[in-house]
Each structure stands twice: as structure tokens, then as C-alpha cells.
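The values are calculated or read from the model by the stated rules, or taken from the named source; none is laboratory data. Remember, it's a predicted structure, so these values are computed and weren't measured experimentally. Cβ placement follows ideal geometry from the backbone for every residue including glycine, while neighbour counts extend to all protein chains displayed.
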């Protein structure tokens with residue numbers, strides 16, 4: 001069913017407010033959830049409110065969200081780096097707050113690396129953070145991790161998170177944004193399937209014994225998600241765990257406890273050439289890709305993030321998003 005964007009924001013504010021989140025945190029969490037819905041990433045949109053409610057002040061550090069308590073702490077800062085302890089504040093909030101500091105640093109110094117440890121569930125729709133960077137003519141390269149969703153290649157136990165890799169490239173029009181999980185599907189998609197009484201796609205997840213399953217409940221209670229491209233996706237998830245987790249002193253699989261973690265780099269293209277020249281070449285690369293001969297069954301060749309940008313523009317123009325009636329009733333209850 002259709003839901004006005006303004007009403008979706010009000011619903012987010014109402015739920016987050018009832019859970020005790022202060023104004024700024026409500027605003028930034030809502031911002032990310034709505035951005036996910038606009039981009040058609042329902043797995044990272046309003047459905048996340050159910051999990052947020054579940055994990056408020058949880059004893060499980062990997063899923064905990066601190067409401068109230070200590071403020072985000074700067075552990076270390078240099079002209080080109082920023083290291084934060086999120087104190088289990090919601091990851092959505094922690095990353096947006098880090099960007100407020102990191103973007104001016106990158107504009108001035110050319111490059112900045114940001115590490116965030118002990119973020120609370122969850123890091124959210126990371127494509128939105130990449131878009132924020134590209135809107136400031138910066139390149140975004142991000143790694144984000146947690147434990148317990150993805151089953152390493154050759155194993156039967158979920159150890160890693162879905163550990164996404166995200167890259168944002170500025171252009172004259174819509175940014176190029178590669179935002180990909182290391183798994184064939186996301187845990188958010190599994191939650192949506194369970195809430196809507198649907199089965200999962202074939203061969204994307206396993207049960208507790210390592211057998212392929214389409215049952216989202218088995219995946220949520222005892223199973224896990226399979227990596228993209230077999231051993232390659234598994235290797236990618238492991239490396240991201242070491243970059244986002246080990247580098248920030250955060251959780252690494254189940255071996256080292258802790259919250260969600262992020263490590264991202266902002267690069268100002270003017271370190272190497274003018275922003276106009278850089279964008280011009282990016283646009284030429286996009287044009288060549290769009291003109292490439294199409295394979296059978298394909299009407300168009302898309303660049304990373306193009307479909308999401310189109311959905312975002314369409315939703316913004318209509319002023320509404322598509323929300324399942326079952327989810328809406330669940331949220332309203």
C-alpha cells in the first residue's frame with residue numbers, strides 16, 4: 001500500500017520517541033530509514049524499527065542500542081583521521097555524526113579515514129552515507145561489520161556479518177554508488193520474508209545443520225546466509241571484518257566481543273586533479289557503459305546505484321513510498 005513520505009517520517013518519530021530516543025537521534029535514524037525506503041531498499045527501511053525496538057538496551061552487545069547513557073567519544077583525532085567510540089548509540093546516528101566532522105576534514109586535508117567502534121544495532125543503509133559524501137564532491141569507501149549472519153565458505157556456522165563494501169563516486173548528475181553485502185541476501189530481507197509470511201529465494205541461506213532452506217524462521221533462529229561467489233564472497237567478508245572490526249578494536253566474529261563497527265575513507269579528488277576533470281571522465285565512463293551492446297534479455301546496462309537513484313527520484317516526485325500492509329499494521333501496533 002502507498003504511504004506518504006511525510007507520514008512515514010511521523011511514524012518513525014512516534015515509535016523512536018516512545019522508545020526514548022532524543023530529538024537528534026530520532027532525526028538521524030529516521031533520515032536513514034526513509035532514505036532506504038526511497039531507494040527501494042525495504043530490507044533497511046521501516047522494517048528495521050521492529051529490530052530497533054527489540055534491541056533497545058539489550059544485554060547482547062552485538063545487537064544492543066543504548067538509549068540515553070554516554071555520548072559518543074572521540075578516542076583519537078589527527079588532521080587526517082577520526083576514531084570514535086559510539087558507546088552503543090545507534091549506528092545510524094554514529095555514522096551521520098562522524099560524517100559531520102569528517103567531510104570538512106576531507107575538504108580541507110584531501111583525505112580522512114574514520115573508525116567507529118561499539119556502534120549499536122545497526123549501521124543502516126550505507127548507500128545513504130555514500131550519497132552524503134558524493135553530494136560534497138568526495139569519494140566514499142566504506143567497510144562495516146558485525147558477527148553472526150554469514151556462513152563462511154566450507155562451514156555450517158554463521159560467524160561473520162553480511163559485511164558490506166560501499167563505494168560512492170561523485171558525478172555531475174546521479175552518483176555512482178556500489179553498495180553490496182558479502183552475502184547473497186541480507187538479514188533484513190529474511191526478516192521481511194518472515195513478517196510477510198513468504199519464503200526465501202532458492203540457495204541463499206542454510207539452516208542450523210548447513211542445509212539449504214527457504215524458511216526465514218530457520219535462518220533467524222539457527223541458520224545463516226550464504227556468501228556471494230562462494231569462496232570469494234567469504235574472503236571478502238573476512239577481510240572486511242579485519243578492516244572494520246580488528247582495526248577499530250571492535251568485534252571480530254565471535255572471537256572478540258563488541259558492537260557494530262565501521263571504517264571508511266573519504267577522498268577529495270582535487271588531491272590529484274580538478275573535480276570538474278574527474279567528474280567529466282566519470283561521466284564518459286558511464287556513457288560508454290550505457291552504450292555497450294546489450295546481452296539477450298537485457299533492455300539496458302545500468303551503472304551501480306542507478307536503479308536506486310531512479311527509485312529515489314520517483315518516490316520523491318510522488319511524495320510516497322510502498323509499504324506492505326502487514327508491516328504497517330505491525331508498526332502501528
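Here are the numbers for the structure shown:
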item	result
Failed condition for residue 157, given (1) touching a helix residue (DSSP H, G or I) at 6+ places or on another chain (Cβ under 7 Å); (2) in contact (Cβ under 8 Å) with a residue 40 or more places away in the chain; (3) in a loop (DSSP other than H, G, I, E, B)	(1)
Filter result (crowded, with 22+ Cβ neighbours inside 10 Å and more than 20 Å from residue 155 (Cβ to Cβ)) within segment 193-213	193
Helices (runs of 4 or more DSSP H) enclosed by segment 261-333 - at least 2 residues per element that are modelled with pLDDT under 95 and touching a helix residue (DSSP H, G or I) at 6+ places or on another chain (Cβ under 8 Å)	325-332
Number of the exception - residue 216 against (1) under 29 Å from residue 2 (Cβ atoms); (2) under 20 Å from the mean Cα position of the chain (by Cα); (3) at pLDDT 95 or above; (4) surrounded by 15 or more Cβ atoms within 10 Å (Cβ to Cβ)	(2)
Residues of segment 57-107 satisfying the condition of being closer than 21 Å to residue 22 by Cα, free of Cβ contacts under 8 Å to residues at least 60 places away in the same chain and in contact with a helix residue (DSSP H, G or I) (Cβ under 7 Å, 6 or more places away or on another chain)	63, 65, 72, 84, 99
Sole exception among (1) at negative phi; (2) surrounded by 17 or more Cβ atoms within 10 Å (Cβ to Cβ); (3) touching a strand residue (DSSP E or B) at 6+ places or on another chain (Cβ under 8 Å) for residue 279, by number	(3)
